[in-house]
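Before any comments, here is the structure.
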Amino acid sequence: MEINWFNEKPKDCIVTLSSGTLTLNKPATNYFENAYNVMLGTDRKNLLIIVKPLTKADSMRHDIPDNKKYKITVRSSYSRVTNKAFLEEVKEMTGFPFEDDTHKFKATWDSKEQLLIIDLKEEI
């Protein structure tokens, strides 16, 4: 008898953007379980949002200015970063009307750089 056991494919990392928040689904949240703060960045040329988790030790070091560290709320099934000014910058970069609706995008984890990369070129 040859048995092939079912192996569910890993779920995609999905980030939902709204007028003031970035919400990460459970698979994306797994990378932020130990995050105390995050850093937010954009790559305008490639239409990417970059989210870097910071541990408490990283956050307490003084080599990263406080105005570049943002609070992340991590729950069991999602995590959320609230930053209206950053989302305004993303809106300016992409033209998405965040006031009217939410927008979902796939994200990938760069394990070498320890970054979550959100691709804004293809909305899901």
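The values are calculated or read from the model by the stated rules, or taken from the named source; none is laboratory data. Here the structure is a predicted model, which means the values were calculated and not measured. Reconstructed Cβ throughout: ideal geometry from the backbone, glycine too, with neighbour counts over all protein chains shown.
Numbers at a glance
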quantity: Matching residues in the range 84-113 - criterion: being more than 15 Å from the chain's Cα centre (by Cα) and aliphatic (A, V, I, L, M); calculated: Ala85, Met93
quantity: Residue match in the range 47-56 (condition: closer than 23 Å to Lys121 by Cα, assigned to a loop (DSSP other than H, G, I, E, B) and charged (D, E, K, R)); calculated: no
quantity: Residue selected from the range 83-123 under the condition among the acidic types (Asp, Glu), surrounded by 11 or more Cβ atoms within 10 Å (Cβ to Cβ) and modelled with pLDDT of 95 or more, by the criterion farthest from Phe32 (Cα to Cα); calculated: Asp119
quantity: Subset of the range 80-105 [in contact with a strand residue (DSSP E or B) (Cβ under 6 Å, 6 or more places away or on another chain) and among the basic types (Lys, Arg)]; calculated: Arg80, Lys104
quantity: Residues being assigned to a loop (DSSP other than H, G, I, E, B), among the hydrophobic types (A, V, I, L, M, F, W, C) and in contact (Cβ under 8 Å) with a residue 60 or more places away in the chain - total across the range 15-38; calculated: 0
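Residues are listed down the side, and each one gets a yes or a no for (1) of a type in the set (A, V, I, L, M); (2) out of contact with any Gly (no Cβ under 8 Å at 6 or more places or on another chain):
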{"site": "Pro27", "(1), (2)": "no, yes"}
{"site": "Asn34", "(1), (2)": "no, yes"}
{"site": "Ile50", "(1), (2)": "yes, no"}
{"site": "Pro53", "(1), (2)": "no, yes"}
{"site": "Asp66", "(1), (2)": "no, yes"}
{"site": "Asn83", "(1), (2)": "no, no"}
